[in-house]
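The values are calculated or read from the model by the stated rules, or taken from the named source; none is laboratory data. Just so we're clear, the structure is a prediction, and the values are computed from it rather than from any experiment. No Cβ is skipped: glycine too gets one built from the backbone with ideal geometry, and neighbour counts run over all protein chains shown. Surface areas here come from the heavy atoms of the whole protein model, side chains and all, with no ligands, DNA or RNA. Shrake-Rupley method; radii C 1.70, N 1.55, O 1.52, S 1.80 Å.
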Amino acid sequence: MSKVKILNCPDVPNMPWQERPEGLKGAPVWRYTDNPIIERNPIEGVARIFNSAVMPFEDGFIGVFRGEQTNGVPYVYLGRSRDAIHWTFEPDKVNFVDEEGKPFMPVYAYDPRLVKVEDTYYIIWCGDFYGAAIGIAKTKDFKTFTRIENPFIPFNRNAVLFPRKINNKFVLLSRPSDSGHTPFGDIFLSESPDMEYWGHHRHVMGRGNEWWESVKIGGGAAPIETSEGWLMFYHGVSSTCNGFVYSIGGAILDINNPSIVKYRCTNFLLTPEEWYEERGFVPNVCFPCATIHDPATGRIALYYGCADSYVGLAFTEVDAVVDYIKKNSVLTASDTEIGRR
Ligand code: BMA
């Protein structure tokens, strides 16, 4: 039994797991020894799968995957798995429709997240709406995927939905940006009564004082509700003479008012170190997009994109990671304020 409780989600006794290796140094996050879990050319016409989100479904697991087609255009593909490690993909990209059931395909779609709120699954991605913008679709059966028409104006990316309503409102994190390889970026939050109309935007946290997250940050996995607050794995970016480096950071947000950061780890939790993180289409990228977590044991499996080429899996335990974030927390005024000006 963990000391920190994971709240309001079902147990997942069949989640993937490997014990913490002896002698682990630094943050209590360790990689799956058989990474990467998805190799190149996984589907006919798709060169690489990375930056993808998975969750428990029926007696196995389901996921939405960023598939980089052989023409270079990213799209969302559906995959299923018995063990959340070996995946079988549908050969065709996800077929989005509008509220009337008519085809409504985005120009492209990348970095999908998958979050269940009440009885509906939401797929959230970055697409093109006269510029990089957030796309959202809903499904109950993973057969019909109904797009919510352009919920946000451009430019915005890295949208992540909280897994339950807070104060009776849907809550979404996002990272306003520009149209290119954005050289700035803070995490903001928006509320909605119905998933269509969004407002009450607040600032959550800014790029950090530490070098590893000094250029921009962005939401990663859907926050996990715990007895200490919302546990959030996000990405932080630094700039080198050879391009951006993406690392994984950890923070804990206030449970009732998640625009307030309670703890923010000054150290990264994971940074590119293995060949599949350092070498690929875009080197030096660890890009978290989802967790599978088990309240009964406190185990957390973290899914992250590697070098824009692969999907990696890492593990942690809620007690250990919360403890590490708290012990190494450094907060600024813009973290702790309510984010309203
Ligand atoms: C970001 C996004 C991610 C990608 C990262 C590194 O801007 O486009 O999809 O993993 O760059 O290339």
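Taking a Cβ cut-off of under 14 Å around CYS289, the surrounding Lys, Arg, Asp and Glu residues balance to a net charge of +2, with basic ones at +1 and acidic ones at -1.
Two decimals, Cα atoms only, Kirkwood Rh: what is Rg/Rh over segment 14-59?
My calculation puts Rg/Rh at 1.06.
MET15: net charge of surrounding residues, Cβ under 13 Å, Lys/Arg +1, Asp/Glu -1, itself excluded?
Working: positive: ARG82, ARG299; negative: ASP11, ASP59, ASP83, ASP294, GLU317.
Charge balance in the 13 Å sphere: -3.
What whole-number distance in Å separates the alpha-carbon centres of segment 85-159 and segment 1-72? So the two Cα centres are separated by 20 Å. The residue among GLY243, GLY305, GLY229 whose Cα reaches farthest toward the positive pole of the charge dipole of segment 208-337, with charges on the beta-carbon of Lys, Arg, Asp and Glu, is GLY243. State whether segment 281-341 is rounded, prolate or oblate according to the following rule on the C-alpha gyration tensor (a ≥ b ≥ c being the square roots of its eigenvalues): a/c under 1.5 gives rounded; otherwise a/b larger than b/c gives prolate, and the remaining case gives oblate. Because a/c hits 1.5 or more and a/b fails to exceed b/c, segment 281-341 counts as oblate. What segment 257-341 shows is 37 Å² of accessible area per residue, with the surface traced by a 1.4 Å probe over protein heavy atoms. Ordering 3-14, 197-208 by mean Cβ neighbour count within 10 Å, with the highest value first, yields 197-208, 3-14. Partners of LYS25 within straight-line reach, counting lysines whose Cα lies under 29 Å from its Cα and excluding those fewer than 8 residues away in the same chain: LYS3, LYS5, LYS216, LYS262, LYS326, LYS327. State whether segment 72-195 is rounded, prolate or oblate according to the following rule on the C-alpha gyration tensor (a ≥ b ≥ c being the square roots of its eigenvalues): a/c under 1.5 gives rounded; otherwise a/b larger than b/c gives prolate, and the remaining case gives oblate. Rounded, because the longest to shortest axis ratio a/c is under 1.5.
Using the average count of surrounding beta-carbon atoms within 10 Å as a protection proxy, the listed peptides 63-69, 255-261, 332-338, 238-244 rank, highest first, as 63-69, 255-261, 332-338, 238-244. Computed from phi, the 3J(HN,Hα) profile of segment 162-173 under the Karplus parametrisation 6.51, -1.76, 1.60 (θ = phi - 60°) reads 6, x, 8, 5, 10, 6, 6, 10, 5, 10, 10, 8 Hz, with x in place of Gly and Pro. Projected over every direction and averaged, the convex hull enclosing the alpha-carbon atoms of the chain yields 15.9 nm². Taking the 1.4 Å solvent-accessible surface of the chain as the whole, the part contributed by carbon and sulfur is 49%.
Dividing the summed -39500 (n - 2.57) terms of all DSSP H runs of n ≥ 4 by the residue count of the chain sets its mean residue ellipticity at 222 nm at -1000 deg cm²/dmol. Hydrodynamic estimate: the Kirkwood radius of segment 84-128 over Cα pairs, inserted into Stokes-Einstein at 10 °C and 1.306 mPa s, corresponds to D of 126 µm²/s.
Treating only the Cβ atoms of Lys and Arg (+1) and Asp and Glu (-1) as charged, compute the dipole magnitude of segment 89-145 about its Cα centre; round to the nearest 20 debye. Could the numbers behind the result be given before it?
Details: 7 positive and 10 negative charges, 21 e Å.
Its charge dipole is roughly 100 debye.
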